Structures are given as C-alpha cells and as structure tokens.
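Below is one structure, written out as structure tokens, with a few remarks after it.
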Amino acid sequence: MIRAIVLDDSVARHARFAAMLGTVCDLTHARLFSEFTTVLRRRFDVVYLDHDLGDEIEQERVPGMYGGDRPYDGRDAAAFVCDLPRALRPARVVVHSWNWSGAQNMAHDLREAGYAVDVATFGESMLGNERLWMLARCA
C-alpha cells in the first residue's frame, strides 16, 4: 500500500484526501509544521504539501531577522523535504495550493533537490480535481 502524508491546515481538505485516497493509501495527516517534521522520521511514497498553512489553524512561528518572525508555511516544509536523507526521500511530492506563486516556488526548490514534483493549484473545483488524487496512485 502506498504511504502518503498530507500537510494542510484545512480540515475539509484532509477529509477529502481521506475520502479519495483512504482506500489506496496508508494516509497520515498533519496540520502543523511541527507535526509534519516529526512524522517524516519515517519514509513516505508521496508527500502532499500546501503552501498557506495559517488560514484555519495558528502555526508555530519561525524566528526572523531583526526580532521579526513569521508563521511556518509550505516553503519551510519543502525545505525540510529537500534536506531529508536519501533513505527517507519520497518518490513524489505534490504541491497543492490556492497560492500559485508560492506553489511554483516550492516546486522549483523541490525539483532542484531532485524530486519528482507535481503542482495542483486550486481553482473553483479544486476538491474535484481528479488529477490531484490520481497522482498518489501513480507513485
């Protein structure tokens, strides 16, 4: 069975992932960056990453320069995946987001690190995007 993890702050999207992939994947859910990084101590075949993680749940914050900080987002998750040791690297990463430019930046970094990456930017019918769900079946 395909092992997949979804990082997303949306309860509705987690429910949709479970409904669409629960029968073909051993699916793990993370809503917080810290949950995601803890769980990635084991290998997954597919990693689904959202860019904007603070819409529905307060994220931990990244200490910033000059005393400023910001919430963790998908860029941090992508950087974490890029730095995984070879034994833990997933076969495929899917970036899913409403944020087109953020998703493209994440995909670029992941591709530069040698990952097979697909980007599914959401539109009006984003929860019905069969291509997004089928990607896990092709890992």
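Assorted remarks:
- Residue satisfying condition, being acidic (Asp, Glu) and without any contact (Cβ under 8 Å) to a residue 40 or more places away in the chain, within set 118, 50, 76: 118
- Tallying residues that are β-branched (Val, Ile, Thr) and surrounded by 22 or more Cβ atoms within 10 Å (Cβ to Cβ) within the range 1-56 yields 4.
Matching residues to (1) under 17 Å from residue 120 (Cβ atoms); (2) assigned to a helix (DSSP H, G or I):
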residue: 34; (1), (2): no, yes
residue: 42; (1), (2): no, no
residue: 77; (1), (2): yes, yes
residue: 101; (1), (2): yes, yes
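- Contacts under 6 angstrom Cβ, first residue in the range 10-32 being of a type in the set (Asp, Glu), partner part of a loop (DSSP other than H, G, I, E, B) and surrounded by fewer than 19 Cβ atoms within 10 Å (Cβ to Cβ), 6 or more apart: 26/1
- Pairing each residue of the range 90-110 that is surrounded by fewer than 17 Cβ atoms within 10 Å (Cβ to Cβ) with any residue that is in a loop (DSSP other than H, G, I, E, B), provided the two are 6+ apart or on different chains, yields C-beta distances under 6 Å for 91/45; 91/139; 98/122.
- Considering (1) within 13 Å of residue 93 (Cβ to Cβ); (2) at pLDDT below 90, the lone condition that residue 61 does not fulfil carries the number (1).
The values are calculated or read from the model by the stated rules, or taken from the named source; none is laboratory data. These numbers come from a predicted model, not from an experiment. Here the Cβ is made from the backbone with ideal geometry for all residues, glycine too, and neighbour counts use every protein chain on show.
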